[in-house]
Amino acid sequence: MRNAFVIGRGTAFTYKNRQIDLKTLGKDLGIRWAVQGAVRRAGDQVRVNVSLTDVASGRDIWSDRFDSDRTKVSVLQDQITARLARSLNIELIQAESRRNATDLSKNPDAVDFAMRGWAKSYEPRSKTTIAQAKELFDNALRLDPDNVDAMIGKAWYLSPPINLLSGWPVSVTEDKKTATNLVDRALSKSPANAMAHVVKGDTLRFGNPEEALHQYDAALEINPNFPAAYSGKGDALILVGRAREALSVTQLALRLSPRDPSAVAWRWTLCHAHLHLRDYQEAIEESCFPRRFPSLRRRSLEQNRSMQIW
């Protein structure tokens, strides 16, 4: 997780199997959050429970569990690491955004504006949330024109997959040009930034999907556990006529982050790939998937009205 300050394992393990006052822990180590977990085994089955705690209040703000077969330990470890990193990243960005919005002065710095902008990406997508996110990134760039996260965030919201499919672009041509300039600047300052490569791929996907594939592959070389890179690659593969390959990479995005706020769009990609392959029954199954999960269906209807999935 980029830009995260994490206490080293040597120190962390000294607290193992001890009763700990989290507020004291936070003061001693200078941390805001604690990740706690436990492993239970029953035969060949393993369950890992994980929680994220605000050390100032001692309150858990997120928890999840991971189940698997102990005979596949290496695969289990990779799956848990990837899913946990993605889930924690989402939860921490949202939690820090709420903290910044309530605890800081009325003039937060560029980093705080950028973080709050990214937090908007985890809310149901609407004309209002998109406008709010753009404003937050603009505020960050006014304070710090070289803020890479703000450049990438604004470019992402102006890229065709977000801007065009949302149905609310002001000028598709100008917005795409601005997005390209922003992400190119970000990559010049931070060439090993996986999200920057994903956004670059998004700006290229409609019009130059072959080049977009190179960008998604570059992102995955930097971060092999990045669901957004897999999902973007899946869309690009469909556009270059390789729909069958798109199925596996998109399914991997869903396996890495099954409860992701963007999961409904990844389901749409699977439906799209099946349609290209004339697997109509499978396409229907994917298009009906959110109906079996009301919360996902509500989110999908809010985020994807313009895509007319339903």
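Throughout, read-outs are computed from the coordinates displayed, never taken from laboratory work. Please read these numbers as outputs of a predicted model, since none were measured by experiment. Counting neighbours? That spans all protein chains shown, and the Cβs are built from the backbone with ideal geometry, glycine included.
Filter the chymotrypsin sites (Phe, Trp or Tyr not before Pro) in segment 1-42 to those in DSSP coil with at most 10 other Cβ atoms within 10 Å of their Cβ, and list the result. Sparse-neighbourhood loop chymotrypsin sites (Phe, Trp or Tyr not before Pro): PHE5.
Close amide H pairs (under 5 Å, H built 1.01 Å from N) link TRP62 with LEU52, residues at least 5 positions away or on another chain. Summing charges over all other residues whose Cβ lies under 11 Å from the Cβ of GLY26, with Lys and Arg as +1 and Asp and Glu as -1, gives 0. Structure shown: which of LYS27/LYS120; LYS72/LYS120; LYS16/LYS134; LYS120/LYS189 lie over 32 Å apart, alpha-carbon to alpha-carbon? Over 32 Å apart, Cα to Cα: LYS72/LYS120; LYS16/LYS134.
An ellipsoid equivalent to segment 109-307, defined through the eigenvalues of its Cα gyration tensor, has semi-axes of 27, 19, 15 Å when rounded to whole angstrom and sorted largest first.
Here the contact order of segment 182-290, divided by its residue count and restricted to Cα pairs under 8 Å and six or more residues apart, works out to 18 percent.
Stokes-Einstein D for segment 1-91 at 25 °C, 0.890 mPa s, Kirkwood Rh over Cα pairs, in µm²/s? For the chosen part, D equals 170 µm²/s. Run the numbers on segment 109-307 and let me know its relative contact order in percent, using alpha-carbon pairs under 8 Å that are six or more apart. That works out to 15 percent.
Charge tally for HIS276 (other residues, Cβ to Cβ under 10 Å; Lys, Arg +1; Asp, Glu -1): +2. The value of relative contact order for segment 9-102, using C-alpha pairs under 8 Å at least six residues apart, is 18 percent.
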